[in-house]
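The values are calculated or read from the model by the stated rules, or taken from the named source; none is laboratory data. If you're wondering where the values come from, they're calculated on a predicted model, not measured in any experiment. Here the Cβ positions follow ideal geometry from the backbone for every residue, glycine too, while neighbour counts run over all protein chains shown.
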Amino acid sequence: MKSKIVYLSFSSVCIFFVSGCTFLKPEVEPVPGKEVLPLPVESLTKVGGYQSGIFDDSAAEIVAYDSRSKRLFVTNSGQKALDILSLEDVTQPTKLHSVDLSPWGAPNSVAVHQGLVAVAVENINKQEKGLVLFLDIFGTELGMIDVGALPDMLCFSPDGLTLLVANEGEPNDSYDLDPEGSISVLDLSEGIGSLTVKHLVFSDIDPESLDPSVRIFGPKASVAQDLEPEYITFSVDGSTAWVTLQENNALAIVDVLSGEVRAIVGLGFKNHAFTKNGLDASNKDDAINIQSWPVKGMYLPDAIGSFSVEGETYLVTANEGDSRDYDGFSEEERVGKLSLDPETFPLAKDLQDNAALGRLKVTTTLGDTDGDGDFDELYSYGARSFSVWDSDGKRVYDSGDFLERKLAELLPNDFNSTNDENGSFDNRSDDKGPEPEGLVIGTINGTPILFLGLERIGGVMAFDLSHPAEPRFLSYVTSRDFTGKAEDGTAGDLGPEGMVFIPALNSPNGKNLLVVSFEVSGSIAVYEIN
């Protein structure tokens with residue numbers, strides 16, 4: 001019976017059935033000695049949406065918003081285009097036109113600042129230099145400049161005078177061509193016509209100087225080739241930026257003013273053997289089974305955001321996880337196919353059962369600590385969580401197994417579903433679970449609120465970050481219809497990827513809004529924050 005719930009580390013669970021576009025209001029448990037404050041976000045309600053009609057082809061991946069023109073700019077990678085939508089009527093975003101980017105390549109990211117639109121475009125040959133294309137709000141080309149290989153994300157500084165670009169520099173499929181990852185710093189202070197660019201590379205980094213949790217593991221790769229910048233956030237004053245190095249399990253801290261990488265910070269590992277750090281590790285047990293396992297999770301964050309509390313800057317990461325899986329090199333293997341050290345894992349046969357750890361995907365690049373060919377430790381992809389870090393990259397909070405536990409309560413019949421097929425209960429448990437990927441932080445009545453997108457099962461969770469070491473769950477909303485058929489476009493919004501928070505002051509309807517782009521369904525959803 002697919003909705004059976006097996007908890008080995010929790011004594012009870014409250015079950016709700018949910019379908020369609022639903023707001024799930026949490027129960028706030030009082031903490032002894034603490035006042036239970038009103039929820040700064042009580043619900044998110046979908047008030048409008050846009051459908052591209054394109055399924056599973058990245059037709060709506062990243063979204064940006066211009067408050068002056070009330071327009072949305074949406075990367076449509078499958079069509080190699082940038083779609084421009086009007087948000088004048090939040091209940092019915094309408095497509096105005098598209099900008100054809102096919103002469104240069106495909107868009108990976110878009111950002112806008114006071115009417116200036118910047119688009120990161122990967123080269124037709126992904127291992128060659130990409131570019132940043134500048135447009136006005138009508139899609140008219142204003143200029144372009146070369147950046148590094150595979151520009152994956154770009155971000156304006158708060159004052160709009162600097163644009164940072166994370167150039168991932170992925171290898172080709174045969175892994176015999178691996179360009180260097182880099183960060184491009186574009187100085188816009190003199191305008192588009194006089195912009196300059198500085199490329200920050202990692203060629204001077206001594207691998208021996210790196211924290212052991214920084215993963216440098218590509219075949220024959222230098223540190224510069226192996227580091228792959230993914231996502232960027234700025235400090236409030238724009239002087240510092242933090243860049244996730246996803247595959248490397250690390251952060252780069254950038255001094256924007258001097259144009260230098262100040263530090264590479266390893267993020268360490270999460271011990272899933274600890275209480276409240278459990279996970280559901282099998283997609284073959286036909287049950288929800290969240291428990292502690294002798295596994296270490298690599299954080300491998302995708303999106304990152306920053307916020308301030310009492311003058312201190314904090315970072316939030318969505319710990320999605322990612323592996324290198326190419327024809328020429330793959331680090332992936334299932335626990336059931338590994339040779340486990342008999343002293344460390346005396347019950348290896350039981351652990352490697354498909355209903356236990358046998359199906360869990362882990363890396364083969366870590367874990368053989370004594371070099372004898374068997375595995376003494378197991379390292380899985382992602383932490384199935386979000387984390388709060390201080391400005392130096394020291395972890396101050398991790399959500400543990402909260403995401404999976406909450407989804408087990410709220411969506412027991414569709415727990416750990418995949419994002420392109422309904423009726424896929426437990427499908428992603430052997431991989432990365434719900435896959436927290438995208439995030440945005442908005443401020444509502446002085447309270448920093450995290451909106452966290454769950455790539456696989458879908459939907460967005462909201463958390464109060466006013467106490468960084470103790471974030472408070474507020475709500476979960478999903479506009480996925482688990483009764484529909486994904487390929488027919490009747491399953492609602494699938495695969496949240498990009499998000500933008502629109503404060504009431506800049507909103508077309510005077511309300512706080514969250515706009516989410518959905519990569520699999522090729523759709524945009526507009527949620528009103530109540």
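Keeping to region 283-337, report how many residues are of a type in the set (Asp, Glu), more than 24 Å from the chain's Cα centre (by Cα) and modelled with pLDDT of 95 or more. Spell out the reasoning first.
Filtering region 283-337 for residues of a type in the set (Asp, Glu) gives 285-286, 302, 310, 312, 320, 322, 325, 327, 331-333.
Okay, now just the ones that are also more than 24 Å from the chain's Cα centre (by Cα), so 285-286, 310, 327.
Going one step further and asking which of them are modelled with pLDDT of 95 or more, we end up with 285, 310, 327.
Number of matching residues: 3.
Pull up region 393-446, narrow it to residues that are touching a strand residue (DSSP E or B) at 6+ places or on another chain (Cβ under 6 Å) and of a type in the set (Val, Ile, Thr), then point me to the one that is farthest from Leu474 (Cα to Cα).
Of everything passing the filter in region 393-446, Val396 is farthest from Leu474 (Cα to Cα).
Select from region 198-238 the residues that are farther than 30 Å from Gly311 by Cβ, outside any loop (DSSP other than H, G, I, E, B) and hydroxyl-bearing (Ser, Thr, Tyr) and list them in ascending order.
Across region 198-238, the qualifying residue is only Ser209.
Restricting the search to region 276-328, which residues are of a type outside the set (A, V, I, L, M) and at positive phi? Give the steps one after another, and end with the answer.
We begin by selecting, within region 276-328, every residue of a type outside the set (A, V, I, L, M); these are 276-278, 280, 282-286, 289, 291-294, 296-297, 299, 301-302, 305-308, 310-314, 317, 319-328.
Passing the criteria: Lys276, Asp286, Glu310, Gly311, Gly321.
Can you name every residue in region 386-440 that is assigned to a helix (DSSP H, G or I) and within 16 Å of Gly321 (Cα to Cα)? Lay out the reasoning, then the answer.
Keep residues of region 386-440 that are assigned to a helix (DSSP H, G or I), which gives 402-410.
Hits for region 386-440 are Leu403, Glu404.
Can you tell me which of Gly489, Gly459, Gly522 is surrounded by fewer than 24 Cβ atoms within 10 Å (Cβ to Cβ) and at positive phi?
Values: Gly459 fails: surrounded by fewer than 24 Cβ atoms within 10 Å (Cβ to Cβ); Gly522 fails: surrounded by fewer than 24 Cβ atoms within 10 Å (Cβ to Cβ).
It is Gly489.
Any residue in region 240-268 that is touching a residue at least 24 places away in the same chain (Cβ under 8 Å) and under 14 Å from Asn167 (Cβ atoms) sitting within a Cβ distance under 9 Å of a residue that is basic (Lys, Arg) and in a strand (DSSP E or B)? List the pairs, counting only those 6 or more apart or interchain.
Close Cβ pairs satisfying both conditions: Ala252/Arg262; Val254/Arg262.
Does Asn445 satisfy the criteria of being over 25 Å from Ser517 (Cβ atoms), modelled with pLDDT under 95 and not aliphatic (A, V, I, L, M)? Give the steps one after another, and end with the answer.
Numbers: over 25 Å from Ser517 (Cβ atoms): yes; modelled with pLDDT under 95: yes; not aliphatic (A, V, I, L, M): yes.
Yes.
So which residues in region 492-519 are surrounded by 24 or more Cβ atoms within 10 Å (Cβ to Cβ) and of a type in the set (Asp, Glu), if there are any at all?
Correct list: Asp493, Glu519.
Of all residues being assigned to a loop (DSSP other than H, G, I, E, B) and β-branched (Val, Ile, Thr) in region 88-136, which is farthest from Glu497 (Cα to Cα)? Just the residue, please. Break it down stepwise before answering.
Filtering region 88-136 down to residues assigned to a loop (DSSP other than H, G, I, E, B) leaves 88-93, 101-104, 114-115, 124-128, 136.
With β-branched (Val, Ile, Thr) added as a condition, the list becomes 90-91, 124.
Details: Val90: 20, Thr91: 21, Ile124: 22 Å.
Filtering region 88-136 for residues that are assigned to a loop (DSSP other than H, G, I, E, B) and β-branched (Val, Ile, Thr), the one farthest from Glu497 (Cα to Cα) comes out as Ile124.
So, Tyr527, is that one farther than 26 Å from Val112 by Cβ, in a strand (DSSP E or B) and in contact (Cβ under 8 Å) with a residue 40 or more places away in the chain or not? So that I can check it myself, show each step before the final result.
Working: farther than 26 Å from Val112 by Cβ: no; in a strand (DSSP E or B): yes; in contact (Cβ under 8 Å) with a residue 40 or more places away in the chain: yes.
The answer is no for Tyr527.
Rundown of residues vs (1) closer than 23 Å to Leu411 by Cα; (2) in contact with a Phe, Trp or Tyr (Cβ under 7 Å, 6 or more places away or on another chain), yes/no style:
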residue: Arg480; (1), (2): yes, no
residue: Gly495; (1), (2): yes, yes
residue: Ile502; (1), (2): no, yes
residue: Asn509; (1), (2): no, no
residue: Asn512; (1), (2): no, no
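Give me a count of the residues in region 380-394 that are buried (at least 22 other Cβ atoms within 10 Å of the Cβ) and not polar (S, T, N, Q).
Residues flagged as buried (at least 22 other Cβ atoms within 10 Å of the Cβ) and not polar (S, T, N, Q) within region 380-394 amount to 7.
Where the second residue is of a type in the set (Lys, Arg) and surrounded by 21 or more Cβ atoms within 10 Å (Cβ to Cβ) and the first is without any contact (Cβ under 8 Å) to a residue 60 or more places away in the chain and lies in region 93-122, which pairs have Cβ atoms under 8 Å and are six or more apart or on separate chains?
Leu96/Arg71
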